[in-house]
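Enquirer: Can you keep this structure in mind? I'll have questions shortly.
The values are calculated or read from the model by the stated rules, or taken from the named source; none is laboratory data. Predicted model, so just to flag it, every value in this text is computed and none were measured. Note that each Cβ is placed from the backbone with ideal geometry, even for glycine, and that neighbours are counted across all protein chains shown.
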Amino acid sequence: MIEIIDLHKRYRTDHGLGRWVLTGINLTIPANRSVGLIGRNGAGKSTLLRLIGGIDSPDHGRVIRHCRTSWPLGLAGGLQGSLTGRQNARFVCRLHGLDARMHETLEFINDFAELGEAFDEPIKTYSSGMQARLKFAMSLAFDFDIYLVDELTSVGDAAFRRKANQAFKQLAGRSSLIMVAHSESTLRQFCESGIWLDQGKAYWFDDINDALAQYNHSLSL
């Protein structure tokens, strides 16, 4: 279960503090339930996903995670640029207690991410696609209760996306998801419930189809 309590978030711009992206969000996301985040571009879907994953901090409020939650798959940020891919992966393995299987885990990550010799080069030399492939491969090395997914189809080239989608289907069968996707068919395939984000607020729907219906209705207003 994940509790989101009175969550507020906005970002600083060149002209000072920007608009509130999220205002007073209160949600309880049940365990063992896959949820789609739905809303217009700029509604705060990726922001909420980052806050749930702990890679961004709210201006006010908090997120309480009662389960093991992944970082957002599909996003390229969150890696230490001065360290190599291997060093980043080793650090995360130690955080998750995989010291005993360190060598085989690192080999799996490098093989799946298809980085080759670049695995031992600094992250700051990677393209955004290489970083996303590394983060996705790292996520497969651990067993999370909930996987956070941000536009998975953006990870890597066409061949890698096919491989990633196949692996994603396997992990979706054993864990819950909180995901952002522009494809309604993808959301219906993987999610049971939905959260519609609109004008800084969040609305929970037990049925993903009801959330999508509300979103589509809002587009016609």
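Enquirer: Against the conditions (1) modelled with pLDDT of 90 or more; (2) among the small types (G, A, S); (3) more than 29 Å from R65 (Cα to Cα), where does A158 fall short? Just the number, please.
Expert: So the condition that A158 fails would be (1).
Enquirer: For the range 162-191, give me the residue count where each residue is surrounded by fewer than 18 Cβ atoms within 10 Å (Cβ to Cβ) and within 25 Å of G24 (Cβ to Cβ).
Expert: The total comes to 0.
Enquirer: Answer yes or no as to whether G44 is modelled with pLDDT of 90 or more and at positive phi.
Expert: yes
Enquirer: A further question follows. G194 - would you say it is of a type in the set (G, A, S), surrounded by 13 or more Cβ atoms within 10 Å (Cβ to Cβ), under 19 Å from Y147 (Cα atoms) and at pLDDT 95 or above?
Expert: Judged against the criteria, G194 is a match.
Enquirer: Same structure, new question: Report, by residue number, each residue of the range 106-149 that is assigned to a loop (DSSP other than H, G, I, E, B) and at pLDDT below 90.
Expert: Within the range 106-149, S127, A141, F142, D143, F144 qualify.
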